[in-house]
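Below is one structure, written out as structure tokens; the observations come after it.
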Amino acid sequence: MSSYPDLVAYHSIAITLGQAGHMKELFDVIDTMQSPPKKKFKKGALEKWDPRLEPDIIVYNAVLNACVQRKQWEGAFWVMQQLKQKGIHPSTTTYGLVMEVIFPLFY
């Protein structure tokens with residue numbers, strides 16, 4: 001149908017970047033997901049198609065994974081704010097990753 005990445009592709013990219021601790025690149029991917037395409041279709045059914053995607057719990061957990069790698073509690077706080085704003089319920093994985101980031105601050 002098109003050459004735009006789908007959510008599964010973004011999941012794979014986000015998970016890989018998160019495991020490697022590449023925060024900047026991961027935020028670039030999130031920005032790309034939410035950006036309108038540079039070229040639009042001019043005719044047919046795809047003319048009104050919008051390929052923008054919103055990050056989901058898998059993408060946010062990838063960010064948390066990067067936060068764990070880099071020991072960045074600020075990023076974990078940002079993720080929790082985003083989840084609340086977007087009405088996305090944290091998973092048990094989300095809470096576990098947040099604890100991994102925060103726990104070393106106290107011990």
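Each reported figure results from applying straightforward, stated rules to the coordinates on display, with no laboratory input. None of these values were measured; they are calculated from a predicted model. Note: ideal-geometry Cβ built from the backbone for every residue, glycine included; neighbour counts use all protein chains shown.
Below are the figures for this structure:
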{"item": "Spatially near lysine pairs across the chain, Cα under 20 Å, sequence gap of 8 or more or different chains", "result": "4"}
{"item": "Residue-wise HN-Hα coupling along the range 79-84, computed from phi with Karplus coefficients 6.51, -1.76, 1.60 (Hz; x: Gly, Pro)", "result": "4, 4, 5, 4, 4, 5"}
{"item": "Length-normalised contact order for the range 7-106 - Cα pairs under 8 Å, 6+ apart - percent", "result": "30"}
{"item": "Cβ crowding within 10 Å averaged over residues, with 53-60, 83-90 ranked highest first", "result": "53-60, 83-90"}
{"item": "By average C-beta atoms within 10 angstrom, highest first, the peptides 28-34, 11-17", "result": "11-17, 28-34"}
